[in-house]
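Take a look at the structure set out below.
The values are calculated or read from the model by the stated rules, or taken from the named source; none is laboratory data. Remember, it's a predicted structure, so these values are computed and weren't measured experimentally. With ideal geometry, Cβ positions are generated from the backbone for all residues, glycine too; neighbour counts draw on all protein chains shown.
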Amino acid sequence: MDLSLLFQPDNFSTLLIAMTIAAAIVFFALYFIDAGYGMMYTKRWGPAIDNRLGWVIMESPVFFAMCLLWWCSDRRADTVPLIFFILFQLHYFQRSFIFPLLIKGKSKMPLAIILSGITFNLLNALMQGGWIFYVSPAGTYTPDWLYSPQFIAGIIIFFSGIAINLNSDNIIRHLRRPGDTKHYIPRGGMFRYVSSANYFGEFLEWVGFAVLTWSAAGAVFAIWTFANLAPRAARIHRRYSQEFGEQFDRLHLKRIIPFIY
């Protein structure tokens, strides 16, 4: 299957511009509209299914789409693109097939959220896979790239983000004992600095990916990650403040980026 016709440079640039504009719209919209899943779940978003199944359905399409883009590319055996592919898939294998199994509780995820997530994930696969395997100029990602400052810095940032994200998710999962329904302020790890440390870790991952690929496609994904998570982090921060009052406020936490926001 020849997918190169889908990735003409002009069309690809248009896709990146459109996705950047969409990210700006989403960023501002989410300050007024709650994305109704997890802590923010509400029946106003319509029919919903089990949260675990929802995560698998929403996240796994990007994993399989990237596999298709990789397999159909003439560059699939090239060392650096293959490493980029493995790094990307490392996150989405965990997010699609491991993270859902670790979710506790009986929360639900609206089908509208799932469908919007699938749409973005497939478009993101076109951005990242398209750039890595089809659009990037031939000879850009030679083995020497692995010794470049951007790859070394990016890989450190990327794995730091993964570590923070996994640790923060683990802290959140263990806030309650079986049968406990109370709410608690997450403590430890990067929760010493931000109220949504898990989101900070995820954002850091994709900043690292953008740096190590040194690509506009990676940068657009990092922008999208912030646009999606920062408003939600602000909502969570506000909810903690309302629920816990002075107990939370005196911690002087930022929302998603330590010492900044």
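Structural remarks
- Candidates in the stretch 97-124 are the residues that are among the basic types (K, R) and in contact (Cβ under 8 Å) with a residue 60 or more places away in the chain; of these, the one that is farthest from D50 (Cα to Cα) is K104.
- A single entry from R176, R232, R250 fulfils the requirement of being over 28 Å from Y147 (Cβ atoms) and either of a type in the set (D, E) or in contact with a helix residue (DSSP H, G or I) (Cβ under 8 Å, 6 or more places away or on another chain) (or both): R232.
- Tally of residues being surrounded by fewer than 17 Cβ atoms within 10 Å (Cβ to Cβ) and at pLDDT 85 or above across the stretch 32-50: 3
- Scan of the stretch 245-261 for residues that are over 19 Å from the mean Cα position of the chain (by Cα) and either surrounded by 15 or more Cβ atoms within 10 Å (Cβ to Cβ) or of a type in the set (G, A, S) (or both), ordered by number: G245, F248, L251, L253, K254
- The set of residues in the stretch 128-158 that are polar (S, T, N, Q), surrounded by fewer than 21 Cβ atoms within 10 Å (Cβ to Cβ) and in a helix (DSSP H, G or I) contains only Q150.
- Just one of the listed residues (R75, R44) is among the basic types (K, R) and not in a helix (DSSP H, G or I), namely R75.
- Qualifying residues in the stretch 83-113 (those that are part of a loop (DSSP other than H, G, I, E, B) and among the basic types (K, R)) - the one surrounded by the fewest Cβ atoms within 10 Å (Cβ to Cβ): K106
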